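The values are calculated or read from the model by the stated rules, or taken from the named source; none is laboratory data. Since we're looking at a predicted model, the values are computed, not measured. Glycine also receives a Cβ, built like all others from the backbone with ideal geometry; neighbour counts cover every protein chain displayed. Surface areas here come from the heavy atoms of the whole protein model, side chains and all, with no ligands, DNA or RNA. Shrake-Rupley method; radii C 1.70, N 1.55, O 1.52, S 1.80 Å.
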Amino acid sequence: MPAPNIVSVADKDAIREILVTADYSKSEIHEGLELVKQHSLFSSRNKDFHKNRRRLVAPAFGLQYLRTLEPIMHNCAKVLIQKLDQILSDPKSVTRGAKVLPQGHINICSFMNRLSFDIIGETAFGQSFEMVKDDSHPVPKQMAKSLKRSMQQTFNPWMRWLIPLDYSFIQFGRERVHHRKEAGENGRRADLLQFLIDAQARERANGNGETGDDYADMIAGKLTDQAVEVEALVFLIAGSETSSTAMTNTLMYLVENPSTLKKLRNELDQATASNPQGASPLYDQIRHLPYLTACINESMRLRPVAASGLPREVDNDTVMGGYHIPQGTIVLAQIAQLHWSEEYFPEPRKFIPERWLLEETPFPGVGIDDFTFYPFSAGTRNCVGKNFAMMEMRLILATLILNYEMEHVPGQRTDYVQYITTALATESYVIKMQKREQRADLI
Ligand code: HEM
């Protein structure tokens, strides 16, 4: 067996070098996530391809375009509230097959997972999976299973002979893109799929369209029909479990720290005081709330979704932290280890959102900077969906906290497993919830 060629790196300067300064390429591990043999924004190791594709896709995640997606997120949040209200008034009304929990108990992990699929389904394909309503759409489950298997097979190639991968969720993406294109102007709606289709049309009109040589077009990062399908599927993969895990984690820390939850609710109540009772918070009302952002940051610091590290391949012999690293070595940027370092985050394993607030931090003089906190990675391969994810997390968390009292249910397992991202091993985290009748300022 060849010697392992992976080096784990948790040093602040070395991580910066890997992700930003040297900007090493992604590793072959990412190729395990290549769909239908197509390079994609997420999986490609080719820098020219990536540069071109990122140029085409990134504007979809600019704040201006994201604003057009806000109503979609509000609608999905509304469906969630309706479903939760229904279960709270009748626990037996949970989805067929799901466990009936005691009155007021909600498996929030399951609902965040279902909700994030509905949101990304609506925004990337123009169709909700309606997972919040009845959890029965085959695509999210089939996709999650295939991706888990594909990661297992990347590390254990012999498994490929035992269980072939089922990529039928790709067919779903293909059909959605086909329908949208067929519908032409009548099918137009503001979402990520439309953005890709419009970008493809623009490229063609500017003379940057496909040449007809499929392989050359792929390597050049041209927006072919297949590329549009693959990138929309990448959004589905990269934008579902990540956001749902981050939202579940934040809610978990909040219910385990009731005074923090109370403080956050006060901030949200004040920011939305002019809204009619029960109205969704607008993104402009909550976008800059310091405590909301501090709570999300602190939860992503403690439980980053890419906890097992970001793999990159060293393209030349180099010296890192005094160690010789030969060309071809995979360096694993261990962001979780950095986030848990006492040197940068005193009392590192404690949930203390105040550490993010200059005026309230119990650790004055310990400045937090962009070099120690990497939940969305950094450099050219940072998360293109960061603004989308922050908008989704802020809107959904604020909506839940404004609508419900929440209480910790003790004695639950909270250990994690990691395939592509980390997720609760039990796929369950139960919170006791009660509808808020009136906002605090009205009581
Ligand atoms: C809390 C939610 C999220 C977290 C914590 C997160 C985290 C990350 C991280 C750490 C990477 C870098 C991976 C690597 O270097 O191997 C990444 C890349 C990426 N993410 Fe996210 N992500 C989130 C949500 C989203 C969403 C909502 C989308 C799309 C709708 C998205 C799309 C992508 C894409 C396309 C890439 C590859 C970018 C490139 O290489 O240019 N992510 N994300």
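Quick look at the numbers
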| read-out | value |
| --- | --- |
| Residue that is surrounded by the most Cβ atoms within 10 Å (Cβ to Cβ), among those in segment 234-264 that are within 9 Å of the ligand (Cβ to nearest atom) and either closer than 21 Å to Pro353 by Cα or β-branched (Val, Ile, Thr) (or both) | Ser244 |
| Set Ala307, Ala294, Ala273, Ala238: member being of a type outside the set (S, T, N, Q), touching a Leu at 6+ places or on another chain (Cβ under 8 Å) and more than 15 Å from Ile396 (Cβ to Cβ) | Ala294 |
| Any chance Val57 is surrounded by 14 or more Cβ atoms within 10 Å (Cβ to Cβ), assigned to a helix (DSSP H, G or I), in contact (Cβ under 8 Å) with a residue 12 or more places away in the chain and β-branched (Val, Ile, Thr) | yes |
| Residue in segment 230-241 that is more than 17 Å from Asn52 (Cβ to Cβ), among the β-branched types (Val, Ile, Thr) and either out of contact with any Asp or Glu (no Cβ under 8 Å at 6 or more places or on another chain) or outside any helix (DSSP H, G or I) (or both) present | yes |
| Any hit, segment 168-184, residues being at pLDDT below 90 and over 28 Å from the mean Cα position of the chain (by Cα) | yes |
| Complete set of residues in segment 38-54 that are part of a helix (DSSP H, G or I) and either surrounded by fewer than 16 Cβ atoms within 10 Å (Cβ to Cβ) or near the ligand (Cβ under 10 Å from one of its atoms) (or both) | Lys47, Asp48, His50, Lys51, Arg53, Arg54 |
| Lone qualifier among Ile368, Ile286, Ile352, Ile335 - being of a type in the set (Val, Ile, Thr), within 16 Å of the ligand (Cβ to nearest atom), in contact with a helix residue (DSSP H, G or I) (Cβ under 8 Å, 6 or more places away or on another chain) and in contact (Cβ under 8 Å) with a residue 24 or more places away in the chain | Ile335 |
| Residue match in segment 2-16 (condition: in contact (Cβ under 8 Å) with a residue 12 or more places away in the chain, farther than 30 Å from Ile325 by Cα and open to solvent by 30 Å² or more (accessible area, probe 1.4 Å)) | no |
| Residue pairs meeting the criteria (Cβ under 9 Å; at least 6 apart or on separate chains; first closer than 22 Å to Val234 by Cα, in segment 411-428; second part of a strand (DSSP E or B) and at pLDDT 90 or above) | Val417/Leu424 |
| Filter pass, Ala279 being free of Cβ contacts under 8 Å to residues at least 60 places away in the same chain, in contact with a Ser or Thr (Cβ under 8 Å, 6 or more places away or on another chain) and open to solvent by less than 50 Å² (accessible area, probe 1.4 Å) | yes |
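Okay, residues lined up against (1) crowded, with 24+ Cβ neighbours inside 10 Å; (2) in contact (Cβ under 8 Å) with a residue 24 or more places away in the chain; (3) hydroxyl-bearing (Ser, Thr, Tyr); (4) within 16 Å of the ligand (Cβ to nearest atom):
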residue	(1), (2), (3), (4)
Leu101	no, yes, no, no
Ser110	no, yes, yes, no
Ile120	yes, yes, no, yes
Ala124	yes, yes, no, yes
